[in-house]
Amino acid sequence: MKKLALLAAASLFLGACASVNRVDTNTVTDLSGNWNDTDARLVAEEMIVDCTRRPWLGEFKAAHGGAKPVVIVGTIKNRSNEHISVTTFTKDLERELLNNGSVKFVAAKDERSEVRDEREDQQTNSSAESMKRMRNETGADFMIIGNIDQIDDKKGGTSAKVYQVNLELVSMESNEKVWIGTKDIKKVIKKGMFGG
């Protein structure tokens, strides 16, 4: 009976230790040492600033009467050994590109399909004044492609993870690479006394 009472008291104590706090989405939370939302956001911010400060942008504008280039985000491959939401990272890149104001931005391939379906539906079901024309899309001048790699190192209770994000901006017409950016994030994780 004493063991049962002690077990019940212990489970109540452990249950009472749990708490949930809402925090600002910009708050850095790194609980596991794995890639997280903060990493995705910071990498996207830094890499897009670097990309739009490089010579390719001024060269394009000079060659096209000051017009902004049109950019699309292509495939970003996760080559790490963790599950990384590449979709979240891609959306962070898109947001930073669009909000930067240096370029124009077009929808990704899967998004364009949905818009095209709607435009086709409009040809039959919308008024002539409000329907949008077919074959009037803006083509991209450049595509961002890239990958996320990971290097792990471990000794005793300490491990290190390096995430390397490599992005390339490629001309849609010539396949020339006009910008290559790399951003590393290094994390050192020390296990606690009880393995946590």
Has the range 87-94 got at least one residue that is closer than 21 Å to residue 187 by Cβ, among the hydrophobic types (A, V, I, L, M, F, W, C) and out of contact with any helix residue (DSSP H, G or I) (no Cβ under 7 Å at 6 or more places or on another chain)? no
When you go through (1) more than 30 Å from residue 115 (Cβ to Cβ); (2) touching a strand residue (DSSP E or B) at 6+ places or on another chain (Cβ under 9 Å); (3) not aliphatic (A, V, I, L, M) one by one for residue 155, which number turns out not to apply? (2)
Criterion violated by residue 94 - all others in (1) at pLDDT 95 or above; (2) closer than 22 Å to residue 172 by Cβ; (3) in contact with a strand residue (DSSP E or B) (Cβ under 6 Å, 6 or more places away or on another chain); (4) of a type outside the set (A, V, I, L, M, F, W, C) satisfied: (1)
The conditions are (1) surrounded by 11 or more Cβ atoms within 10 Å (Cβ to Cβ); (2) out of contact with any helix residue (DSSP H, G or I) (no Cβ under 7 Å at 6 or more places or on another chain), and residue 130 fails exactly one of them. Which is it? (1)
State which residue is surrounded by the most Cβ atoms within 10 Å (Cβ to Cβ) when the search covers only the range 35-69 and only residues that are in a loop (DSSP other than H, G, I, E, B) and within 15 Å of the chain's Cα centre (by Cα). 35
Selection status of residue 107, under 22 Å from the mean Cα position of the chain (by Cα), touching a residue at least 40 places away in the same chain (Cβ under 8 Å) and not in a strand (DSSP E or B): no
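The values are calculated or read from the model by the stated rules, or taken from the named source; none is laboratory data. The model shown is predicted, which means the values in this text are computed figures rather than measured ones. Neighbour counts are summed over all protein chains in view; Cβ atoms, including those assigned to glycine, are modelled from backbone coordinates with ideal geometry.
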